[in-house]
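Report on the structure given below.
The values are calculated or read from the model by the stated rules, or taken from the named source; none is laboratory data. Please read these numbers as outputs of a predicted model, since none were measured by experiment. All Cβ positions, glycine included, derive from the backbone under ideal geometry; neighbour counts span all protein chains shown.
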C-alpha cells in the first residue's frame, strides 16, 4: 500500500510514482525526508545503512536507448560487468538533461517507477532480500520497498553489475 502524502490543493509530486507502483500491485511507502548533503548523509537521516539506499542510475546505450541500473549506495557500476549483462560493448551515463528527457525525473529523484519510458531494469544481485530506499520522483522524498518485490514487479534482470566503491 502506498502512503498518501498529498495535501489537498497542493498536488503530490510523487503521484506518478505512487500510481505506477499501484498499477504493478507493488506495495511501497513514500516518506518526506530532510535534505541530505550526500548519500551517506541521507542514509544517516533515514537510519539506514548506505547499502540500503539504492541509486537508480540511467545508462545510455550507443543507439540512444536507455536502461536503469539499480546500484546499492555502497557500490558503483562495474562497467565491464554491466556491459556483459546487457550484451553490448558501449554504455555511458548521460548528462542530467538527457537523463531527465529519458525518464521525466531529475537526478536525485530517479526511479524506474513511473518513468516516462519503461526502460529495461538491471538490478545488482546484492540488493536481493532487503528493504531498500530509493528515489521517489521528487526532491525531499524517499521510496521504501522490498527489493525482491520491486525486481519481480519490474521484471528486472538481476546480475553482478557492481563493485565496492574505492
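Between 110, 151, 132, the distinction of being touching a helix residue (DSSP H, G or I) at 6+ places or on another chain (Cβ under 8 Å), assigned to a helix (DSSP H, G or I) and at negative phi belongs to 151 only.
For region 154-166, a residue qualifies if it is farther than 18 Å from residue 39 by Cβ, surrounded by fewer than 18 Cβ atoms within 10 Å (Cβ to Cβ) and in contact with a helix residue (DSSP H, G or I) (Cβ under 8 Å, 6 or more places away or on another chain), and the qualifying residues are 157, 159, 160.
Can you tell me which residue within region 94-113, out of those that are crowded, with 21+ Cβ neighbours inside 10 Å and touching a residue at least 60 places away in the same chain (Cβ under 8 Å), is nearest to residue 83 (Cα to Cα)? Among residues in region 94-113 that are crowded, with 21+ Cβ neighbours inside 10 Å and touching a residue at least 60 places away in the same chain (Cβ under 8 Å), the one nearest to residue 83 (Cα to Cα) is 111.
If you go through region 27-54 and pick out every residue that is under 19 Å from residue 69 (Cβ atoms) and either out of contact with any helix residue (DSSP H, G or I) (no Cβ under 8 Å at 6 or more places or on another chain) or assigned to a loop (DSSP other than H, G, I, E, B) (or both), you end up with 1.
Can you say whether residue 152 is touching a strand residue (DSSP E or B) at 6+ places or on another chain (Cβ under 6 Å), modelled with pLDDT of 95 or more and farther than 22 Å from residue 99 by Cα, as far as the supplied structure shows?
no
Whether a residue is in contact with a strand residue (DSSP E or B) (Cβ under 8 Å, 6 or more places away or on another chain), within 19 Å of residue 22 (Cβ to Cβ) and assigned to a strand (DSSP E or B) was assessed, and residue 145 passes this test. Is it the case, given these coordinates, that residue 82 is farther than 20 Å from residue 16 by Cα and touching a helix residue (DSSP H, G or I) at 6+ places or on another chain (Cβ under 9 Å)? No: the conditions fail for residue 82.
Tell me which residues, restricted to region 71-93, are more than 15 Å from the chain's Cα centre (by Cα), assigned to a strand (DSSP E or B) and surrounded by 14 or more Cβ atoms within 10 Å (Cβ to Cβ).
Taking region 71-93 and keeping what is more than 15 Å from the chain's Cα centre (by Cα), we get 78-92.
From what's left, assigned to a strand (DSSP E or B): 91-92.
Of everything in region 71-93, just one residue is more than 15 Å from the chain's Cα centre (by Cα), assigned to a strand (DSSP E or B) and surrounded by 14 or more Cβ atoms within 10 Å (Cβ to Cβ), namely 91.
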